[in-house]
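To start, the structure itself, in structure tokens.
We did not get these values from a lab; they are worked out from the coordinates using the rules stated. Everything quoted here is computed from the prediction, not taken from an experiment. FYI the Cβ positions are ideal-geometry reconstructions off the backbone, even for glycines, and counts take in every protein chain you see.
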Amino acid sequence: MVASDLYEGTRMAKVDDLVAIRQLFKPLEDSGTLLLNALDSFIVVAREGQIIACAALFPFYEDKCGEVAVIAVSPDCRGQGQGDKLL
């Protein structure tokens, strides 16, 4: 599948996405690099019903900025611009 819209498939995470998000971040958790935060901080990229990338984003509304805490992309989808969608 080739997406014509850069942001196609990008949306806020849902409770149903939690298992897929944990799978993407498992290598970082196993190494002690990352501790997962609240689900409402995540944005995901889905392709054909599968979560292929996600990021934890923390907005600072008063300062009109935010922090990208972490981005993970499925190994099979790396190099395709999926992480760029989340930035």
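Would you please classify the overall shape of the chain from the alpha carbon gyration tensor, given that a ≥ b ≥ c denote the square roots of the eigenvalues, rounded means a/c under 1.5, and beyond that prolate means a/b larger than b/c while oblate covers the rest?
Because a/c hits 1.5 or more and a/b fails to exceed b/c, the chain counts as oblate.
May I ask you to list the aspartates and glutamates whose Cα is less than 12 Å away from that of Lys14, ignoring any residue fewer than eight positions away on the same chain?
Qualifying aspartates and glutamates at Cα under 12 Å: Asp40.
Please give the contour-minus-distance gain from Asp84 to Glu8: 0.36 nm per residue of separation, less the Cα-Cα distance, rounded to one decimal in nm.
Stretched fully, the Asp84-Glu8 segment lengthens by 26.2 nm.
Which order do Arg47, Arg78 fall in if you start with the one that has the fewest other Cβ atoms within 10 Å?
Ordered from fewest to most neighbouring Cβ atoms within 10 Å, Arg47, Arg78 come out as Arg78, Arg47.
What relative contact order, as a whole-number percentage, does the chain give when Cα pairs under 8 Å and 6 or more residues apart are counted? Spell out each step's value before the answer.
On the way: 121 pairs, mean separation 23.3, N = 87.
The normalised contact order for the chain reaches 27 percent.
Which whole-Hz couplings ³J(HN,Hα) result when phi for each residue of the stretch 46-54 is put into the Karplus expression 6.51 cos²θ - 1.76 cosθ + 1.60, θ = phi - 60°, listed in order with x for Gly and Pro?
10, 9, 6, x, 10, 6, 10, 7, 7
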